[in-house]
Amino acid sequence: MNKYSRYRDGIDGGIFDDGRIRIFLLGIVFFTAFTALALRLYYLQLHKGEEHRRRIAGQSIRYVRNPGRRGEIYTADGVLLAGNRTANDLVFYPSEMRRNRGRKPVSEYMAQHAIALGRAINRQDYPDLQAIRNHLYRYPGIPMLIFRDLTPQETARAFEALRTIPGADIQQSYIRICPEKSCAAGIIGFARNADPSTADDREKFKYYIPDLEGRSGVEKFCDLNPGGGNYLGLRALPGHSIIQVNSLGYAHRELLGKSEPLHGNNVYLTIDFRAQKLAEKLLSGYTGAMVVIDADNGDIICAASQPGVDLSRFYPVLSKAYAEELKNNPASPQVFRAFNAIYPPGSTLKPLISLAFLKHGIDPKEQYPCEGSIPIGNTSIRCSAHRYAGADVDMELALKKSCNSYMIHHALTTGMEPLTAMLRNAGIGRKTGLEIPDAKGDFPDKELKKRRFKAKWNSFDTALLSIGQGFVSASPLQLALIAGAFANGGKIYQPHLVNQIVDAGGVAVYTRQIRTVSDLDVTPQQLQTVKNGMFQVVNSPGGSGKNARVEGLDIYGKTGTAEVGYGANKRNITHFIAFVTCENRRYAACVTVEDGQSGGRTCAPLAAAFFEHYLMTPPAEN
């Protein structure tokens, strides 16, 4: 062995000693790793520290949306139709329940105490175990409602029982109320909790407590800000609170940054409460509608529909039993007939048809010999005033007696175009512009018949049109607006239900604007001729609407009876339209009754009773 082999084999621990090489290399590896780790920690602490702190805060802080109080709806004379009341609700705080549950799962612990509290206050409408689990999964940071709207007696018993249940409490909420129940129900509409999944601000809040959202009627139209202005409608501007939660999502404590909601604004309608109650009382027992408007601006003074619905049964929730009751009622009380039902107008259309004749050049003094019926092709149409057969009839007498033969004779002479032009001016077949949905009815034209029956318009169709039947229909609201046009000189106004929206300081942030939609486009002399006939309808002994006469009032009107259906299903739709002036204010009305005897015998007396009690009787005696 030479001296070099000793170093090569590491006998003397030279530079080729394998153990020392391994230790040296391992040291380099550890040094590099710790250096990289130190550099990484330095980078994360100094350069990314703030970002991580924000992320940690985001994981432990929750924004909770807190809805405000919905605005209220009042009549023009200040009677509350839809408002709010404070309710006592029994709630569980999941975070507190979790702390005191012992060895039980928190869901079972909460279910156990819900049952116990139900026994204590004698209620059984507590949430079941699955509902509790769903709440804990979705909203562990906010209280869970166990019993809604406790009575004073239930509240007292609940407070006694709550002493031994940490995490249970009584808190207050708002419940929508309709103290007048069915009064103006179709006008007010109803509200329901909004769907959080479609809300614009859903992403801002971890825990989303929704607002009440208007679903129909004025509740819907005024839900936000009608007209697009920078103001609140009925719906409030929500507030928020910030809570800190633990790793499981349970609330730990409330942090600074809570903001209170801005409550909704109040709505004042054009509806007069006394008129509304009177109209609904008069219609009780009938199926039909009554609409009364201010003829000089289109404001709706009352709009009644029978049968109706009880809005007080829609809150806090609509029961399945009442929903089924409404659904199965053959009279369809959920249809607000004043605005959304359309009927053949019958002879209430004759004043407009007479105006069309006058515009076409027909002499109102020209007489036509009525023989009780008038032939058209292979058939004939009986005159509604057939008992006066043999009389010579001019325009005023034709209106007074509601003579079909006179109208049909001149309609066949003029043709349909002058008639439809007048109906178009009067708003037949178009929406009125009302704030809430209404029916536009049918406008009589050749295309309508072609679409429905694949047939051409003929003289029989024109004859039916002249007496308000066939391919024409209108709502009671439209007929009231037409009556108003005769009162005000020929203007068809946009009708209104909402007069003002008022904020908490009493300042009107929205006021309805009076607008003329169209004009009958006739001369004052032509209008007066037809008005003379409408006056005789009510105030002459032989007038078809003599049952509408009221001592001390000059009421102008027109009756109408239209047949619908065939054979055994044939029935009458009866109408009476009218206008009157009292104390420098002009009113116009339409009364419609399904299955009535006639417009003169069924509807005219209802109009007379309304005008007599509303205009001639002191309010205290109504």
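Brief remarks follow.
- Hits in segment 465-504 - residues which are in a loop (DSSP other than H, G, I, E, B), out of contact with any Ser or Thr (no Cβ under 8 Å at 6 or more places or on another chain) and either open to solvent by 20 Å² or more (accessible area, probe 1.4 Å) or charged (D, E, K, R) (or both): Q469, G470, F471, G489, D503, A504
- First in segment 259-280 and closer than 11 Å to D503 by Cβ and open to solvent by 20 Å² or more (accessible area, probe 1.4 Å), second anywhere and in a strand (DSSP E or B) and of a type in the set (A, V, I, L, M, F, W, C), Cβ under 7 Å, 6 or more apart: L262/L237; N266/V502
- Matching residues, segment 270-286, being polar (S, T, N, Q) and either farther than 24 Å from Q513 by Cα or in contact with a His (Cβ under 7 Å, 6 or more places away or on another chain) (or both): T270, S284
- Residue count for segment 271-295, restricted to those that are within 19 Å of the chain's Cα centre (by Cα), aliphatic (A, V, I, L, M) and more than 22 Å from P345 (Cα to Cα): 1
- In segment 365-379, the residues that are of a type in the set (A, V, I, L, M) reach residues that are open to solvent by 80 Å² or more (accessible area, probe 1.4 Å) with C-beta atoms within less than 9 angstrom, at least six apart or across chains, in these pairs: I374/R382.
- Residue in segment 181-195 that is modelled with pLDDT of 85 or more, among the aromatic types (F, W, Y), outside any helix (DSSP H, G or I) and touching a helix residue (DSSP H, G or I) at 6+ places or on another chain (Cβ under 6 Å) present: yes
- Of all the numbered requirements in (1) open to solvent by 60 Å² or more (accessible area, probe 1.4 Å); (2) free of Cβ contacts under 8 Å to residues at least 40 places away in the same chain; (3) not polar (S, T, N, Q), K181 misses one, and that requirement is (2).
- Looking only at residues of segment 49-106 that are farther than 23 Å from I132 by Cβ, acidic (D, E) and open to solvent by 40 Å² or more (accessible area, probe 1.4 Å), we find that the one that is modelled with the highest pLDDT is D77.
- Residues (under 41 Å from the mean Cα position of the chain (by Cα), open to solvent by 20 Å² or more (accessible area, probe 1.4 Å) and not charged (D, E, K, R)) located in segment 392-428: P418, A421, N425
- Single residue of segment 152-180 satisfying the filter (of a type in the set (S, T, N, Q) and touching a helix residue (DSSP H, G or I) at 6+ places or on another chain (Cβ under 9 Å)) that is nearest to P127 (Cα to Cα): T155
- Close pairs from segment 503-516: first over 21 Å from L237 (Cα atoms), partner among the aromatic types (F, W, Y) and surrounded by 11 or more Cβ atoms within 10 Å (Cβ to Cβ), Cβ under 8 Å, at least 6 apart: I514/Y493; R515/Y493; T516/Y493
- Yes/no for R215 being among the basic types (K, R) and touching an Asp or Glu at 6+ places or on another chain (Cβ under 7 Å): no
- One residue alone among Q112, Q130, Q124 is part of a loop (DSSP other than H, G, I, E, B) and either free of Cβ contacts under 8 Å to residues at least 40 places away in the same chain or surrounded by 18 or more Cβ atoms within 10 Å (Cβ to Cβ) (or both), and that residue is Q124.
The values are calculated or read from the model by the stated rules, or taken from the named source; none is laboratory data. Bear in mind the structure is a predicted one, so any value in this text is a computation, not a measurement. Note that each Cβ is placed from the backbone with ideal geometry, even for glycine, and that neighbours are counted across all protein chains shown. Accessible surface areas use protein heavy atoms only, side chains included; no ligands, DNA or RNA. Shrake-Rupley method; radii C 1.70, N 1.55, O 1.52, S 1.80 Å.
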